[in-house]
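Input: a single structure, listed below in structure tokens.
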Amino acid sequence: MKLFNTKILGTGSYLPEKIVTNHDLAKRIDTNDEWIVERTGIKARRIADISKDEVPSGMAKEATLRALEAANLTPNDIDCILFSSTLADQAMPNAASVLQFKLGITNNCPALDVNAACSGWIYLIPMANALIQTGVYKHILVVGSEMLSSFNNWDDRNTCILFGDACGVAILGRASENEDARIYSTVLSSDSSKKDHLTLWAGGSAKKITHEVLENNEQWMTMNGQEIFKAAVKTMAAHAEKVVKESGLTMNDVDWFIPHQANLRIIEAVGTRFNFPPEKVIINVEKYANTSSATVPVAFDEAVRDGRIKRGDNVLFAAFGAGLTAGAIFFKY
Ligand code: UT7
């Protein structure tokens with residue numbers, strides 16, 4: 001069987017217009033800009049406005065139109081939609097189908113939602129890669145679109161300072177015979193022994209939103225920050241090391257490292273473990289905070305568009321999230 005190599009044909013991103021700074025948050029809760037910057041590197045975050053359709057599917061529509069333009073494709077060229085969101089527009093219909101509608105796609109392509117929290121977009125890349133390599137689909141739209149502001153408790157200073165809303169997408173397709181773009185290696189995992197460290201218990205089938213749930217504040221995300229911090233550094237570093245080793249290359253061959261943007265200290269801890277010079281590591285957490293599965297595709301899109309990442313560069317992605325899910329991808333762009 002002939003296997004195709006996978007190429008990222010185009011990328012796009014969308015950031016909500018509304019900017020909320022640390023100073024804005026300090027007016028509402030007992031925090032301050034110095035503490036947030038020192039502990040997380042975050043200075044601001046974007047917050048979605050539902051009246052502007054800045055919901056997961058709506059942000060994904062805008063990001064996809066940019067990616068289609070970059071890839072020189074039209075909406076009906078997409079033959080599969082994979083959509084990562086921690087909490088999509090609604091339970092039914094799924095966000096991927098809503099996105100298909102919003103893009104005016106009429107080819108009835110399959111449209112699938114996946115939730116692997118912050119690792120969701122990374123989780124979808126090996127799946128898209130397998131479908132491209134085996135010739136099942138030609139142009140797969142991989143979306144990471146997140147509206148964390150909808151389940152972020154704005155009165156809890158332990159969590160609310162960390163998160164923002166955004167969408168990043170990539171269109172994956174076949175590399176032609178004379179191109180060297182390819183995905184070298186991927187790894188995914190989930191360590192469920194840590195499942196209770198980052199949670200949103202209410203709002204699903206097991207616990208509906210009731211008056212009692214609202215009184216107990218169970219409709220919001222909860223987090224054991226220090227446990228997540230330790231697991232994040234350990235898992236992202238191990239996974240990054242694994243994919244580079246499996247590719248037969250070394251950390252010196254990595255041109256760009258794009259880790260999940262959760263906390264600058266986590267990023268620096270992983271980066272220094274591999275002696276990556278700071279200019280090799282793509283960071284935007286200061287502007288957008290943690291936008292869950294959107295962080296890596298947004299940072300990737302920004303670095304492609306501003307000319308830092310060029311065709312032929314070796315790029316390393318790593319992410320972790322609730323579950324505790326994690327993954328890494330090493331590829332030639
Ligand atoms: O995608 C995965 C998402 N989650 C993460 O990546 C989270 C990973 N963890 C972290 O980023 C860090 O653990 C945090 C940023 C959440 C917290 O940083 P920390 O250095 O672990 O601080 P801490 O929780 O140990 O808190 C230190 C102090 C505490 O006060 P006391 O007990 O020492 O008096 C907190 O009450 O800082 C206090 N504190 C704050 N102070 C001002 C906690 N949050 C704030 C705040 N502003 N927003």
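Computed 3J(HN,Hα) for the stretch 160-174, one whole-Hz value per residue from the Karplus formula 6.51 cos²θ - 1.76 cosθ + 1.60 where θ = phi - 60°, is 5, 5, 8, 10, x, 10, 5, 9, x, 9, 9, 9, 9, x, 8, glycine and proline marked x.
Note on the chain: dipole from Cβ charges, positive end direction compared against Ser119, Leu25, Leu9; the farthest Cα belongs to Leu9. Name the residues whose placed amide hydrogens come within less than 5 Å of the amide hydrogen of Lys138, ignoring near sequence neighbours (fewer than 5 apart) on the same chain. The answer is Asp79. If we count every other residue with Cβ under 13 angstrom of Gly135's Cβ, Lys/Arg +1 and Asp/Glu -1, where does the sum land? Once all neighbours under 13 Å are counted, the net charge is +2. Projected onto its three principal axes, the C-alpha set of the chain covers 59, 48, 37 Å, listed from the longest axis down.
Dipole size of the chain about its Cα centre, with +1 on Lys/Arg Cβ and -1 on Asp/Glu Cβ: approximately 620 debye, rounded to the nearest 20. Entry note, the chain: the mean residue ellipticity at 222 nm calculated from DSSP H runs of n ≥ 4, each adding -39500 (n - 2.57), is -9000 deg cm²/dmol after division by the residues and rounding to the nearest 500. Quick check: net charge around Glu17, other residues with Cβ under 14 Å of its Cβ, Lys/Arg +1 and Asp/Glu -1? Neighbour charge sum, excluding Glu17 itself: 0.
Here's the picture: charge each Lys and Arg Cβ at +1 and each Asp and Glu Cβ at -1 in the stretch 182-332, and of Met236, Ile309, Gln219 the one pushed furthest to the positive end of that dipole is Ile309. A Cβ-based charge dipole, computed about the Cα centre of the stretch 182-332 with Lys and Arg at +1 and Asp and Glu at -1, lands at about 380 debye.
Peptides 199-207, 179-187, 162-170, ordered by how many other C-beta atoms sit within 10 Å of their residues on average, highest first, read 162-170, 179-187, 199-207.
Taking a Cβ cut-off of under 11 Å around Ser84, the surrounding Lys, Arg, Asp and Glu residues balance to a net charge of -2, with basic ones at +1 and acidic ones at -1. DSSP finds beta bridges in the chain, and of those with both partners inside it, around 70 percent are antiparallel.
Each value in this text was obtained by applying a stated rule to the coordinates, not by laboratory testing. Computed from a prediction, not measured in an experiment: that's the story for all the values here. Neighbour counts run over all protein chains shown; Cβ positions are idealised from the backbone, glycine included.
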